[in-house]
Every structure is written in structure tokens, then in C-alpha cells.
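There's a structure below that I have some questions on.
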Amino acid sequence: MTKKNDLDIATQLVHSGERGDAPKGKPTSVPIYAAATYTYESMEEIDKVFAGEARDYIYTRYGNPTVAAFEEVMQTIEAGATACAYGSGMAALHAALFACELAPGATVLASQDLYGATTNLLLNIFGAFGIKTVFADFSNLDDVRGKVDQVKPRVLIAETISNPLLKVCDIDACAEIAQKINARLIIDNTFASPYLCQPLRHGADIVVHSATKFLSGHADAMGGVAISRDAADSTALVGVMKLAGGVLSPWEAHEILRGAKTLGVRMDRHCENARALAQHLQNDPRVGPIHFPELVEVDRQDVVQRMLRDEQFGALVSIELRNNTRETAFRFMNALKLCVRSTSLGDVFTSVLHPATASHRDLSPARRRELGISDGLIRISVGIENVKDIIADIEQALAVSEPEAIATGSAK
Ligand SMILES: Cc1ncc(COP(=O)(O)O)c(C=O)c1O
């Protein structure tokens, strides 16, 4: 065998620092396995791994130890039988839908209150393959039952807490409706996070997260994950990962794993702050309707209590200003000094988003109006700062955007 120092320096450099033995001491955190490929002592071993006779790693698009550690966490905390991670929440949603064996001619019954890109995924990508999407108001179970009877969907899909109007889905009831016709229920649990709700425990079949939001929590990583109650879904979920290739990078998996460790304490604080902000704004004459799960009508309170952790209502508060226009919303958002004008949610800092021009921009203005997403709607993802500072910033921005309302003091 050629000794390394017999080789030319160019060759030595290429092969330097490789294939070191694992250290004896066990690392206390999950290492980043920044390797795209793996090698073995012999071709026979590689052949066995390719054939699936030995479970190990060969190529990071097929699996990676850092990513596998994240998948294991998610499978455990969502109480699933299998989990597969992806490069984004959208890739995870695509994989979950694919795993439901949607053949041309099949129908998906989707909540009308979905993230805009999820609606477009259904209409533009699955629609192009002959899969039809019909929408229902998932906060009205009679509408869901009626549409199910009418279109016999293969899949029902909704969000635990919807984007951006924060409607809480009755997952128990939807699962019962789906089971009656042997359909599958996919729940996007991004806004609630597994800390507030575990949809598989309420009868959902597959739960999906954009890990870009609360799971990572620091606006520095993008990822997604799908967790199924049925181990047999692993073939399809992993198959899409391998062939469509939307894999989660080990670097991002590491960031998300680190974020997940503090999810519980962050969510406690997010929810406490969001509740304080919603209660504060309730009495402000400059603010119109407030969308927040704690403030739903009496007949929906049972659903909120059943679905979410005790006394926690999520980290998001969506508001309309008294002057419910895009101009006033922009003026308010431009005046914020602490809260960040952001294009996402779920981070440690408070961020604001204008759904009509961001998350729901691709819907037609008429459709947005039908759904109740007004041009003045502002979605606030309440961070973990001291809530007094958050409220003070919002107060000063309201004073800039709605100056006359103070003078008139008009009630809501
Ligand atoms: C509810 C919900 N699901 C899925 C996604 C998509 O996630 P990602 O941006 O990680 O693809 C988002 C993004 O905002 C979202 O809000």
C-alpha cells in the first residue's frame, strides 16, 4: 500500500484529514455529519447497504446521521411510527400528499384556511397531475361532512392553527369524518408546534411541520418534516426524499435540533406574551377585530381547549386596525422599531407580516376577501422579549398609524 508521505503534496492535500476513527469519548451533542458520501472497507459492504441488507449510510440524499437524529426527535415527540425530514416545510407537505397515493382523478378536500403556498401546491403541482382540490371551511364541520359526501376525497388537509386567521381545527372530528370513508387526514402543525398539540394523538394520519418556524426558532435554518402514524408510509416518504431530492442538509438539521431543545420554554414565553398582547389590544379603540384562539366565540372554545395545551393559545395574534386598509397597515408596520418586518414567524423576536402582500399574495383579491384576509390584516408572531417592550413598540406604531382614533376615542 502506498504510504501517504510517498505521494505528491497535491495528492496528500486531497486525502488529508479523512477517515479518522471516531473519538472514544461520546460527544454530548449531535455532531454535524458534513459528509455527502460514505465509504466502506470493501465493495461487498457497500453492495449490502445499497441492497438494504445492512442499514447504514451511503449518500446523504438517502440519509444522514445528523438528519436522522432530528427525525428521531420528531417521531418521538409527535408520537408517530416513522418520520422523514426535508429541506423545507413545502417539501414535507409535498411528500406527505405523495405518500397518500393520490392517483389522477383523486380529490383532496383542503381547508380554505391554508398557507397560500400549500393551496398553490395543491392547485398547481398536484392539479397538473389530474388531482382535484375542493375547499371547505374546516371550522364548520357540516361543510366538511357535506363536501366529503359529495366528493369522496382520498385526503383531507388542514392546519392545527390556520395561517393567518388562527382558526383552531377540530382534529378529533376531522379524523372521525376521514376514517368513515377511509380517507387520510394530513395536519400541518407548524403554528401550534408539537408543544401545544400532537395531531396524531387526535387521530390524524400524517403530521407536517415547517421546521423553519418554531422548531428552529431563530430565523437561521430552513427545513420540514413529515411524521406518520403508519410505519408503512416510510417507503413513500423516504422515496420522495431520494428521488425528488428535497433533503434536509445536516447543517440545518443541527440548527433545528438545537432549537428543538428549547421549544418548550420558548413556547411558554411566546404564548404568555401573545396572550398579554391580545388582551392589551382588545381595549384599544384603534384596533378592530383581533384573531386569537383565546378570543373565539363561546361555541368554539371547547375545540380550542381540546386541541391546545392548557391555557396556551399559540404565539400568533392577527389584527386589523380600525382603519382596515393596506395603507394604514403599512404605516403601522413601517413605524415599528423593535418588532421586525419579517417574511416568516416563530422566531425568538417579535415579527410582523402583511398576509395580503406576503403569505397570501398569490390568491386573488376576491378570494382573499371571501376568506376574510383583508388588505389591512397584520399577523404578529409574538417573540420572547419582555412583553412590556413589545407592547410599547406596538403602542408607538399605533400612535403613528391611527392618530385621529386617539382624539375621537371611538369604541370598537
Ligand atoms: C403553516 C405553514 N406551513 C408550511 C409552510 C412552508 O414552510 P417552508 O417555508 O419551510 O417551506 C409555511 C411557511 O410559512 C407555513 O406558514
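Looking only at the stretch 1-13, which residues are surrounded by fewer than 10 Cβ atoms within 10 Å (Cβ to Cβ) and either at pLDDT 90 or above or among the polar types (S, T, N, Q) (or both)?
Of everything in the stretch 1-13, those that are surrounded by fewer than 10 Cβ atoms within 10 Å (Cβ to Cβ) and either at pLDDT 90 or above or among the polar types (S, T, N, Q) (or both) turn out to be Thr2, Asn5, Asp8, Ile9, Ala10.
How about the stretch 310-412: which helices (runs of 4 or more DSSP H) wholly inside it have at least 3 residues that are surrounded by 15 or more Cβ atoms within 10 Å (Cβ to Cβ)?
Correct list: 326-335, 365-371, 387-401.
List, please: which pairs have Cβ atoms under 7 Å, are six or more places apart or on different chains, and start with a residue in the stretch 176-202 that is assigned by TED's automatic domain parsing to the domain that holds Gln75 and of a type in the set (Ser, Thr, Tyr) and end with one that is within 13 Å of the ligand (Cβ to nearest atom) and part of a loop (DSSP other than H, G, I, E, B)?
Once the first residue is assigned by TED's automatic domain parsing to the domain that holds Gln75 and of a type in the set (Ser, Thr, Tyr) and sits in the stretch 176-202, its partners that are within 13 Å of the ligand (Cβ to nearest atom) and part of a loop (DSSP other than H, G, I, E, B) give Thr190/Lys213; Ser193/Phe214; Ser193/Leu215.
Out of the residues in the stretch 260-287 that are in contact with a Leu (Cβ under 6 Å, 6 or more places away or on another chain) and of a type outside the set (Val, Ile, Thr), which is nearest to Ala211 (Cα to Cα)?
Top of the filtered list is Ala260.
Given (1) under 25 Å from Glu294 (Cβ atoms); (2) buried (at least 24 other Cβ atoms within 10 Å of the Cβ), identify the lone condition not met by Val155.
(1)
Hey, among the residues in the stretch 205-216 that are within 30 Å of Ser351 (Cα to Cα) and either without any contact (Cβ under 8 Å) to a residue 40 or more places away in the chain or touching a Ser or Thr at 6+ places or on another chain (Cβ under 7 Å) (or both), which one's farthest from the ligand (Cβ to nearest atom)?
Ile206
Also, quick follow-up: For the stretch 357-406, give me the residue count where each residue is within 16 Å of the ligand (Cβ to nearest atom) and among the aliphatic types (A, V, I, L, M).
Residues meeting the conditions: 8.
When you scan the stretch 232-294 for helices (runs of 4 or more DSSP H) that lie fully inside it, which ones turn up with 1 or more residues that are under 21 Å from the mean Cα position of the chain (by Cα) and acidic (Asp, Glu)?
250-261, 263-282
Also, quick follow-up: Among the numbered criteria (1) β-branched (Val, Ile, Thr); (2) under 18 Å from Gly383 (Cα atoms); (3) out of contact with any Leu (no Cβ under 9 Å at 6 or more places or on another chain), which single criterion is violated by Ile319?
Every listed condition holds for Ile319 apart from (3).
Go through Val240, Val225, Val247 for me and flag whichever is in contact (Cβ under 8 Å) with a residue 12 or more places away in the chain, surrounded by 15 or more Cβ atoms within 10 Å (Cβ to Cβ), over 24 Å from Thr343 (Cα atoms) and within 15 Å of the ligand (Cβ to nearest atom).
Unique residue meeting the criteria: Val240.
Suppose we filter the stretch 121-161 for residues that are among the small types (Gly, Ala, Ser) and either part of a strand (DSSP E or B) or touching a Cys at 6+ places or on another chain (Cβ under 7 Å) (or both); how many remain?
2
The values are calculated or read from the model by the stated rules, or taken from the named source; none is laboratory data. Everything numeric in this text was worked out from a predicted model, so none of it was measured. Cβ atoms come from the backbone with ideal geometry, glycine included; neighbour counts cover every protein chain shown.
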